[in-house]
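Shown next, in structure tokens, is the structure this report addresses.
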Amino acid sequence: MRNKVVRALIAFVVAAIIGYVVATLFSTAANLIRLSAVGAEISFGDAVRTFFFDLRGMAPALDWTKYGSLIIIAFAIAFPVAALLKWLTLRAEGGIRRIAPILYPLAGATAIGMIHLLSYPKYEVFAFAGARFVGGSIAQCLAGAIGGYLFHLALKKTEAWA
């Protein structure tokens, strides 16, 4: 039991880190694409430096308003809900059992989507510029889904090891 909890915590940390890195990459890319659309010339070196600047600047910290911190908080809420739903669906009869593998990616996507939706009323704009248009918002949710999928895979492997 203790090993499962430790593995789940490690899986959570890895999922949150990868979800954050991918979300930051997508956010930076969205911002650079929009800048180049209005005439800014951005070299590959500029793009790489901007990504690392954003990665460091939005990293998780004791300040809960950092994007990385918000992702950790959102995943910490969404993944246990997905675990409960997965537990319920696996005990159900019929076709509903087929949705169990997509619950963690769906939870990750929902978690990041909620970060952006909940920031809107306070600021009257999405707090993170990379999500201020439909493509950027979808990319951010995809980053959450990737984190959720990695969490699902890690838990699946821990079940195989047990």
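Odds and ends about this structure:
- Boolean, residue 21 is out of contact with any Asp or Glu (no Cβ under 9 Å at 6 or more places or on another chain), within 20 Å of residue 114 (Cα to Cα) and part of a helix (DSSP H, G or I): yes
- The residue of region 29-66 that is surrounded by the fewest Cβ atoms within 10 Å (Cβ to Cβ), among those that are in contact with a Ser or Thr (Cβ under 7 Å, 6 or more places away or on another chain) and at pLDDT below 85, is 63.
- As a summary of the residue check, residue 17 satisfies the conditions (1) under 19 Å from residue 111 (Cα atoms); (2) modelled with pLDDT under 85 except for the one numbered (2).
- Odd one out for residue 69 among (1) in contact with a helix residue (DSSP H, G or I) (Cβ under 9 Å, 6 or more places away or on another chain); (2) surrounded by 11 or more Cβ atoms within 10 Å (Cβ to Cβ): (1)
- So residue 16, is it part of a helix (DSSP H, G or I) and within 18 Å of residue 149 (Cα to Cα): yes
- Filtered residues of region 30-41 (kept if more than 11 Å from residue 140 (Cβ to Cβ) and part of a helix (DSSP H, G or I)): 31, 32, 33, 34, 35, 36, 37
- Of the residues making up region 110-133, those that are over 12 Å from residue 16 (Cα atoms) and modelled with pLDDT of 80 or more are 110, 113, 114, 115, 116, 117, 118.
The values are calculated or read from the model by the stated rules, or taken from the named source; none is laboratory data. Not measured: the values here are computed from a predicted model. Ideal geometry is used to build each Cβ from the backbone, glycine not excepted, and the neighbour counts take in all protein chains shown.
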